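So the structure is just underneath, and the comments pick up after that.
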Amino acid sequence: MKFFVDTADVDAIRDLNDLGMVDGVTTNPSLILKSGRDIIEVTREICGIVSGPVSAEVVALEADAMIAEGRKLAEIAPNIAVKLPLTWDGLKACKVLTGEGRMVNVTLCFSANQALLAAKAGASFISPFIGRLDDINLDGMQLIADIRQIYDNYGFETEILAASIRTVNHVTEAAKIGADVMTAPPEVIRKLASHPLTDKGLETFLADWQKTGQKIL
Ligand code: G3P
């Protein structure tokens, strides 16, 4: 499973990237707002840190304007994936931009039928939002499973990018289903390393080590 980090915080990206945990980055207008930075400038900096796909989202609603914004964002670096919303105009823009050889991440996907359309429009990535479905008492993980089944039935190459991941269990479940990629905030990725039995075991080992009176260095 590829790990994308869902943030525009360059320090957090750099930290995780140094550990080899970052296969790509996803951003959106809310994350750009949170960063307090200019979209072009911060996206360029991120592309200088990470060699994998960096998603940058358009904000236009009409296909021609989305295409123009997508081309401008794609000029930032060769590893930009233009992020387009799953609307009819977004699908039209997806078809054009992928036809030009650009990576496209179709976002705000909440149904298997939407994911089917994105694959047919040539999307490189489809981003089903798990957490936001869970928020309204629907089953976000079932959507990942449905898309996996449908894409496998027909050999679609669009990668399933499990998004809106809020918990470490979301990561486990998405990996079990076979999502190609997950994108999560830095704090969720860091939490993947935590286990109370690890902490407890380490505490015991260190206490026993003290009693030996030995030193390694
Ligand atoms: O990748 C999409 C993600 O940023 C949305 O997450 O937590 O705002 O639903 P969230």
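No lab work stands behind these numbers, since they all come straight from the coordinates. None of these values were measured; they are calculated from a predicted model. Cβ coordinates were reconstructed from backbone atoms using ideal geometry, including for glycine residues, and neighbour counts include every protein chain displayed.
Place a label point 7 angstrom from the Cα of L33 along the Cα-to-Cβ direction, then list the residues of the stretch 143-169 whose backbone nitrogen is under 19 Å away.
164-165
Can you tally the lysine pairs in the chain where the Cα-Cα distance is under 23 Å and the two residues are eight or more apart, or on different chains?
Value for the chain: 19.
Please give the helix 196-212 orientation as an angle from the longest Cα principal axis of the chain, in degrees from 0 to 90, rounded to the nearest 10.
It is inclined by approximately 30 degrees.
Between the helical axis of 63-74 and the dominant principal axis of the chain, each derived from Cα atoms, what acute angle in degrees is found, rounded to the nearest 10?
40
Within the stretch 1-104, which GluC sites (Glu not before Pro) sit in a loop by DSSP and count at most 15 neighbouring Cβ atoms inside 10 Å? Provide the component values of the computation, followed by the final result.
Details: sites: E41, E45, E57, E62, E69, E75, E100; in loops: E62, E75, E100.
Loop-located and lightly packed - E62, E75, E100.
Would you kindly state how much longer the chain becomes between E41 and F205 on full extension, computed as 0.36 nm times their sequence separation minus their alpha carbon distance, in nm to one decimal? It would help to have the intermediate numbers written out before the result.
On the way: separation 164, 0.36 × 164 = 59.04 nm, distance 4.73 nm.
The span from E41 to F205 would gain 54.3 nm if fully extended.
When the label point is put 7 Å from the Cα of K95 along its Cα-to-beta-carbon vector, which residues of the stretch 70-88 have a backbone N closer than 19 Å?
Inside the label zone: 70-71, 82-88.
Tell me, what does the Kirkwood hydrodynamic radius of the stretch 132-206 come to in angstroms if you use every pair of distinct C-alpha atoms?
This gives a value of 14.0 Å.
In nm, give the distance between the simple-model label positions of L217 and D134, each being 7 Å from the Cα along the Cα-to-Cβ direction.
My value for the distance between the label points is 4.0 nm.
For T27, what is the net charge nearby, where nearby means another residue's Cβ is under 9 Å from its Cβ and Lys, Arg count +1, Asp, Glu -1?
For residues surrounding T27, the net value is -1.
Post the alpha-carbon centroid distance, the stretch 111-151 to the stretch 1-18, in whole angstrom.
One Cα centre to the other: 23 Å.
Just rank I144, I67, fewest to most, by other beta-carbon atoms within 10 angstrom.
Result, fewest neighbours first: I67, I144.
Just to be sure I follow: if Rg is taken over the C-alpha atoms of the stretch 2-212 and Rh is the Kirkwood radius over the same atoms, what is Rg/Rh?
The Rg/Rh ratio comes out at 1.04.
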